[in-house]
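Data first, discussion second: the structure below is written as structure tokens.
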Amino acid sequence: QAAQAIVNARLYADHLRQLESLATLYASAQRLAQSLDPEELAQTVTRACVEVFGARLAWLGRAEPDGRVQMLNTHGKATNALASLPIRWDETPEGEGPTGRAIRTGFPVVIADIAIDPSFAPWRESALAGGLCCTAAFPLVSRGKVFGALSLYSDQAGFFTEERVDFFKSYTHQAAIALENARLLAETRRHLQQMQALHTIDVAIAASLDLQFTFKVL
């Protein structure tokens with residue numbers, strides 16, 4: 001009976017953790033849905049990872065065609081030096097870190113101990129100086145295409161448990177959808193503004209035979 005009681009207690013605790021994770025993800029999805037501004041969304045994502053989910057540092061990067069990873073937003077302590085170091089997603093040494101591999105493969109990459117992992121060598125000194133000991137990178141995927149990554153760091157050994165990795169995978173999926181929708185909306189607005197400008201020019205040219213006026217409108 002005592003053994004069964006222990007098993008039941010563990011099951012109950014597991015169910016509670018699962019419910020808490022679901023509630024947190026639901027609340028996070030609501031926050032992400034409140035904005036369609038790409039910069040504001042990037043800030044919301046990284047801030048939540050640090051202030052709500054317990055990471056020490058979080059940053060978002062977009063994969064550029066030339067192999068660079070462009071920093072979109074960063075949040076956390078101790079790490080301006082780390083965030084300023086070059087990060088790539090190609091097969092250069094700077095692309096062999098967790099962020100580059102997550103973008104290339106489309107799968108999360110976890111480094112349990114940055115002090116000994118050889119792939120983290122370019123950033124090790126700055127990370128250790130900031131008190132960080134482990135890291136994980138999660139690909140941002142939209143419509144089957146990886147367009148960036150969410151990179152997280154912790155000063156707690158063993159922070160990236162299997163349960164936490166699953167949680168951050170789900171959160172990153174939510175963030176990717178919100179970020180890509182915001183980007184598409186911004187792009188649509190820019191195209192609309194361009195069309196409106198062209199229409200204004202067309203009307204001005206059609207309404208006047210004054211060449212100087214037409215040049216002024218252009």
Per the filter on the range 84-98, residues open to solvent by 60 Å² or more (accessible area, probe 1.4 Å), part of a helix (DSSP H, G or I) and either in contact with a helix residue (DSSP H, G or I) (Cβ under 7 Å, 6 or more places away or on another chain) or modelled with pLDDT of 95 or more (or both) are 93
Among (1) touching an Asp or Glu at 6+ places or on another chain (Cβ under 9 Å); (2) at pLDDT below 90; (3) assigned to a loop (DSSP other than H, G, I, E, B), there is one condition residue 66 misses while meeting the rest; what is its number?
(2)
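Listed residues 182, 175, 157; which is in contact (Cβ under 8 Å) with a residue 40 or more places away in the chain, touching an Asp or Glu at 6+ places or on another chain (Cβ under 8 Å) and open to solvent by less than 50 Å² (accessible area, probe 1.4 Å)?
182
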Tell me, yes or no, whether the range 181-195 has at least one residue that is modelled with pLDDT of 80 or more and β-branched (Val, Ile, Thr).
no
Tell me yes or no: at least one residue of the range 40-62 is open to solvent by less than 80 Å² (accessible area, probe 1.4 Å), on the phi > 0 side of the Ramachandran plot and modelled with pLDDT of 85 or more.
yes
Please enumerate the residues belonging to the range 43-60 that are over 18 Å from residue 176 (Cα atoms) and not in a loop (DSSP other than H, G, I, E, B).
51, 57
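Quick check on residue 111: is it surrounded by fewer than 24 Cβ atoms within 10 Å (Cβ to Cβ), among the aliphatic types (A, V, I, L, M) and free of Cβ contacts under 8 Å to residues at least 12 places away in the same chain?
no
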Can you find, within the range 131-152, the residue that is farthest from the chain's Cα centre (by Cα) among those that are more than 12 Å from residue 60 (Cα to Cα) and open to solvent by 10 Å² or more (accessible area, probe 1.4 Å)?
131
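The values are calculated or read from the model by the stated rules, or taken from the named source; none is laboratory data. These figures come from a predicted structure and were not determined experimentally. Using ideal geometry, Cβ is built from the backbone for each residue, glycine included, and neighbour counts are taken over all protein chains shown. Quick note on the areas: whole protein, heavy atoms, side chains included, nothing else; ligands and nucleic acids left out. Shrake-Rupley method; radii C 1.70, N 1.55, O 1.52, S 1.80 Å.
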